[in-house]
Amino acid sequence: MDFSRIRNYLFLGTLLAVTIAFVWILRPFAIPIFWAGVLAALFYPLYQRLLIFFKHSNLASAFTLIIVTIIILLPLTIVGTLLIRESILLYTSINNNRDAITQSLQSSLSVLERHALTANIQVDQQYLVDKIAESMQLVVNFSFKVVTNLTQNSVIFVGMFILMLYTLFF
């Protein structure tokens with residue numbers, strides 16, 4: 001029996017298992033590392049100009065990192081804040097004005113019943129108003145769930161963003 005051949009197969013099997021485990025461990029970090037590479041390529045000319053100005057690579061890297069952070073986080077923060085504010089306003093306005101919306105729908109349907117063209121159509125007003133109110137509530141609940149998920153996912157985004165910035169610095 002050739003032990004060197006068995007040893008080679010055992011080594012290759014162990015190497016394959018360790019490689020698969022390594023890739024499996026690094027899989028969550030692939031996206032931040034990818035974006036760090038993209039941003040490094042995009043902002044490398046700025047880094048070179050700052051390096052000429054500051055004469056120290058760490059200081060130039062830090063200023064480049066600050067500029068990248070401002071360029072990325074400022075618009076995301078503004079849009080996220082506006083989205084959350086508008087969603088909360090929509091949710092509260094529909095919840096507070098539910099009775100007024102229902103009365104408005106009922107008055108619109110009664111006007112349609114009295115009109116000459118739609119007088120022959122038999123419409124169950126209460127059923128229609130209930131379905132429209134139910135649809136509005138579903139839309140509001142859906143938008144509230146989306147905003148809730150967005151805020152929960154923002155914690156994950158911040159963690160991955162910090163990892164990306166750390167990778168980008170080096």
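The values are calculated or read from the model by the stated rules, or taken from the named source; none is laboratory data. Being a predicted model, the structure only gives us computed values, none of them experimental. Ideal geometry is used to build each Cβ from the backbone, glycine not excepted, and the neighbour counts take in all protein chains shown. With ligands, DNA and RNA removed, areas are computed over all heavy atoms of the protein, side chains included. Shrake-Rupley method; radii C 1.70, N 1.55, O 1.52, S 1.80 Å.
Pairs meeting the criteria (first residue in the stretch 97-124 and at positive phi and modelled with pLDDT under 70, second residue hydrophobic (A, V, I, L, M, F, W, C) and surrounded by fewer than 10 Cβ atoms within 10 Å (Cβ to Cβ), beta carbons under 6 Å, at least 6 apart or on different chains) are lacking.
For the criterion of being in contact (Cβ under 8 Å) with a residue 24 or more places away in the chain and either in contact with a helix residue (DSSP H, G or I) (Cβ under 9 Å, 6 or more places away or on another chain) or exposed (fewer than 14 other Cβ atoms within 10 Å of the Cβ) (or both), Val38 fails.
Only one entry in Phe43, Phe22 is surrounded by 10 or more Cβ atoms within 10 Å (Cβ to Cβ), of a type in the set (Phe, Trp, Tyr) and touching a Leu at 6+ places or on another chain (Cβ under 9 Å), namely Phe43. When restricted to residues that are open to solvent by less than 50 Å² (accessible area, probe 1.4 Å) and over 20 Å from the mean Cα position of the chain (by Cα), the stretch 63-92 contains 2. In the stretch 133-167, the residue that is surrounded by the most Cβ atoms within 10 Å (Cβ to Cβ) out of those that are more than 23 Å from Ala30 (Cβ to Cβ) and of a type outside the set (A, V, I, L, M, F, W, C) is Ser143. Within the span defined as the stretch 104-111, every residue fails to be open to solvent by 90 Å² or more (accessible area, probe 1.4 Å) and part of a helix (DSSP H, G or I).
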